[in-house]
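Questions regarding the structure given below will be posed in turn.
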Amino acid sequence: MDQHSFLEYSAAQPLAARLRPQSLDEFVGQTHLIGPGKVLRRLIENDHLSSMIFWGPPGVGKTTLARIIASKTKARFIDFSAVTSGIKEIREVMNKAEQNVLYGEKTVVFVDEIHRFNKAQQDAFLPYVEKGSIILIGATTENPSFEVNGALLSRCKVFVLHGLTENDILCLLRRALSDKRGFGDDKINIADELLSMLATFSNGDARTALSTLEMVVLNGDFDGESTTVTRETLEQCISKKSLLYDKQGEEHYNLISALHKSMRNSDPDAAVYWLARMLEAGEDPLYVARRVTRFASEDIGMADPRALELAVAAYQACHFIGMPECSVHLTQAVVYMSLAPKSNAIYTAYLDARKDALTQLSEPVPLVIRNAPTSLMAELNYGKGYQYAHDSKDKITNMQCLPDSLLGREYYRPTEQGLESRYKERLDGIKEWKKQHKNK
């Protein structure tokens, strides 16, 4: 934790650090926030800062914006590390900030990766933000709704930064090749096609793009005067795409939601794509298999009862052999779920029954379907009048199984989808039989 002169750079630094924008005019992307006349640009240029959170994926400019603010603000600017700063350090700086207020000096505190601060550490900022002793600027890759103290979050303006477009990345790459802070003093031969490949690989992350460019240039073919980057060199450097994925973060839930909803919408191509996104990013295949098993009953149910069998089989296959071999079993299951007829009748049946179970918890079990393992229970008429279905000709009786207050309630309402139409016909027949034998 120390005060910085942020805009110094050294040739020994990585390319991404050397090319870090020093002004808003050099900044690439986020035009919805810092384009001409946009709110964040006005706040920075007029030095009218309030506490704020920068939320966005890696490499889109969160820290860079903070450093540009550091160069323009007249306030004292302090950089906190969420990894090394404890509550004691926070309070020391906060007390100093309160003293600075007496002399008319503002203090801006920048916290990178604010989501790594625990609740106690975040709480330590709260009273000083409330009093205006500090202006807090936090940066996070995680949804602040989940990771930032609610009271603290309510006092900050959240600015959402988007992943850079391929054109944004190409602009940065070309600048790196021409700017003296990058390779401007060197002769680098790299085809536009290869730059486009590199931009695609970066997945909207400027840091990844510049770091990869640096790697391919350093590994290029040097003939004494110029360096040539070949397709082979580029492919070796980007052989494994690094996918944005955090098994505990928002993207985890976004992707499993995308898989579930693609299967529900009977789109096997989309479903397989989202499956691949998760597995190649390192998701536990058993987690995916469990979700597919849930889907088999929630969204298919009796329309195709075999869906549950296949889902369980896929789970067992994943358990037996693991990744990468089990990817084909999950793909088979996901495609099957996508193409199967859909019915949520099982799901809605439980929800309706659950509602009644929670609101009418005192409903007693009808005596007729209670067991009577003791003589006392028999004397109290437990099981009296019970009708054993197997003793009847039609293997069905008119015995009442629901409590009196719920008599006639219907929870399972089968659809006409797939095999469920057969079960609907069977259920309709049972209801008709009971109607005819109601008073017999």
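The values are calculated or read from the model by the stated rules, or taken from the named source; none is laboratory data. Only a predicted model underlies this, so the values are computations on that prediction, with no experimental measurement involved. Cβ placement follows ideal geometry from the backbone for every residue including glycine, while neighbour counts extend to all protein chains displayed. When the accessible area is computed, the model is the full protein with side chains, heavy atoms only, and any ligands, DNA or RNA have been set aside. Shrake-Rupley method; radii C 1.70, N 1.55, O 1.52, S 1.80 Å.
Tell me which residues come under 5 Å, amide H to amide H, from Met52 once H is placed; ignore anything under 5 positions away on its chain.
It is Leu136, Ile137, Gly138, Lys157, by chain and number.
Still on this structure, please answer the following. Tell me the carbon and sulfur percent of the accessible area for region 108-217, rounded to whole percent, probe radius 1.4 Å.
Result for region 108-217: 47 percent of the exposed heavy-atom area is carbon or sulfur.
Taking all protein chains in place and a 1.4 Å probe, what share, in percent, of the accessible surface of region 298-371 do carbon and sulfur account for? Write out the running numbers ahead of the final one.
Values: 2530 of 4150 Å².
That fraction is 61 percent.
Through the Karplus equation 6.51 cos²θ - 1.76 cosθ + 1.60, θ set to phi - 60°, convert the phi angles of region 64-76 into ³J(HN,Hα) values in whole Hz; use x for Gly and Pro.
In residue order, the calculated couplings are 4, 4, 4, 6, 5, 4, 4, 7, 9, 6, 8, 7, 6 Hz.
Please state the charge dipole magnitude for the chain, taken about the Cα centre, from unit charges on C-beta atoms (+1 on K and R, -1 on D and E), reported in debye and rounded to the nearest 20.
1740
Just reorder Cys237, Cys326 by solvent-accessible area, largest first, 1.4 Å probe, all chains present.
If we order Cys237, Cys326 from most to least accessible, we get Cys237, Cys326.
While we're here: Write down the accessible area per residue of region 147-241 in Å², having rolled a 1.4 Å probe over the full set of protein chains.
Each residue of region 147-241 exposes 52 Å² on average to a 1.4 Å probe.
Let me ask something additional. State the cysteines of the chain left without a partner when partners are defined as other cysteines whose beta carbon lies under 4.7 Å away.
Cys156, Cys171, Cys237, Cys401
Then there's this: For Lys131, list the lysines whose Cα falls under 23 Å from its own Cα; do not include residues on the same chain fewer than 8 positions away.
Correct list for Lys131: Lys74, Lys88, Lys96, Lys106, Lys119, Lys157.
Cα gyration tensor of region 67-136, axes a ≥ b ≥ c as square roots of the eigenvalues: rounded (a/c below 1.5), prolate (a/b > b/c) or oblate? Spell out each step's value before the answer.
On the way: a/c = 2.05, a/b = 1.28, b/c = 1.59.
Oblate, since a/c reaches 1.5 and b/c is not below a/b.
Separate question: Could you give the dipole magnitude of region 274-347 about its Cα centre, charging the beta-carbon of Lys and Arg +1 and that of Asp and Glu -1, in debye to the nearest 20?
For region 274-347, the charge dipole is close to 140 debye.
On to the next question. Whole-Hz ³J(HN,Hα) for each residue in region 148-162, computed from phi via Karplus 6.51 cos²θ - 1.76 cosθ + 1.60 with θ = phi - 60°, x for glycine and proline: what do you get?
Karplus values, whole Hz, x for Gly and Pro: 10, 2, x, 5, 5, 4, 5, 9, 10, 8, 8, 10, 8, 9, 9.
Please state the relative contact order of region 167-298 as a whole percent: Cα pairs under 8 Å, 6+ residues apart?
It rounds to 17 percent for region 167-298.
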